[in-house]
Amino acid sequence: MTCSNCSIILPIKDQGLLKIRHSRVSLAQVLDNLGMLSEQMKQEQGREDGIAFCYDSPAVLEQLMDRLACLPKEWLLHMEGVVTGSFHVEGYEDWLPFSQLQARIKHPDVMKIIVDQSFSNHMQPIIDHKLDIIGFEFLLRPSHPQRPFQPFRLFEIARAAGLHAHLDRSARISAIEKSATCLPAGIKRFINFLPSTIYNPTYCLHHTFDTIDRLSMNTEDFVFEVVETEEINDLNVLHHIFEQYRNRGISVALDDVGAGYSTTELMNRLQPDYVKIDRSLINGCYRNSDQQRQIMGIVESAFHFGGQVLAEGVEQLEDFEFCREAGVSLAQGYLFGKPEPSPPSNFMLSSVMWSETNLSIRNL
């Protein structure tokens, strides 16, 4: 069994063939009307492998795709395409929906980042109510200054290109591997995942579990977070994903509760081990009674199913003080530390000390 998590991404050649085909209609007459078919191509129509266009540069390839994109949208929905080198083995073409192929051709720099895995992880500390660092969240960042990207935009383009599952899996493995090099056992590692990329939890998650086993790490040190940017349409699938993680001793978290798709209703139905309250509820909560009521409601609900509550995006001391008094047991944010390539030196011997106006980390 295979899925897009495991598929090989072949690079698009600077010279080669663009082939297109349609599952419902013959494209020959339409393309002829657009002036896109040569006499030789007209004579070759009827072949099962579609219509083939030669191109000799990335610019010409993009121009071909732009012209094809002018076809009616209802036609494009049933059109597939593939780009091959001038010499290739017939029968091994990776045919893609037209929209996915178009995204891959339109964003070659992003495709190179994904294929080459030109990304790393920064780590942001998470503290408990005693002000001790108990873990870090791993956040995707560029590994080369020459290849900058915004994580949200990277995943947005990857989704359009049909590669978000591949990227999500690669990012998870990258975070696990980095945590093995800079964190000792007993420190939690919070790692994001997209539920939509895990088509078959039993199969798709074996990459994650194999990486943890290969590095001889403790599964109890891992917390996998459901990313808030996706609407969850099938709770049964997500329950199954949670079950697979928990069967291996791994905890699960629901990210950004109180905003977007991560509603309190969803939290109560999923009953995650960790509930991360969205920064929009945390920022300025010490002076906003409505935010305070929502935070206390989340804390009370989580208490009933045994979930630990974490405040995200804490930047003001007053907000942290309110959250701690309200029963929020964990926190992260710029008040305690920004995402950095590595954890604070000797952080296991560190404590968070009060100063007159803020918090600072000092070594004991």
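Remarks
- If the chain linking Ser342 and Asp210 were pulled fully straight, counting 0.36 nm for each residue of separation and taking away their Cα-Cα distance, it would gain 45.1 nm.
- Summarising the label geometry, the points placed 7 Å from Cα in the beta-carbon direction at Thr219 and Glu321 lie 4.4 nm from one another.
- The order of Tyr274, Tyr334 by accessible area, most exposed first and with a 1.4 Å probe, is Tyr334, Tyr274.
- Three-way shape label, segment 195-284, alpha-carbon gyration tensor, a/c 1.5: prolate
- Rounded if a/c under 1.5, otherwise prolate or oblate - segment 240-353, Cα gyration tensor axes: oblate
- Heavy-atom accessible area with a 1.4 Å probe sorts His107, His144, largest first, into His144, His107.
- Separation in nanometres of the label points that stand 7 Å from Cα toward Cβ, at Gln146 and Ala69: 2.8 nm
- Accessible surface area normalised per residue over segment 137-176 is 42 Å², counting heavy atoms of protein chains with a 1.4 Å rolling probe.
The values are calculated or read from the model by the stated rules, or taken from the named source; none is laboratory data. Treat the numbers as computed from the prediction; the structure is a model and nothing was measured. Here the Cβ is made from the backbone with ideal geometry for all residues, glycine too, and neighbour counts use every protein chain on show. Heads up: the accessible areas ignore ligands, DNA and RNA and are worked out on the full protein's heavy atoms, side chains in. Shrake-Rupley method; radii C 1.70, N 1.55, O 1.52, S 1.80 Å.
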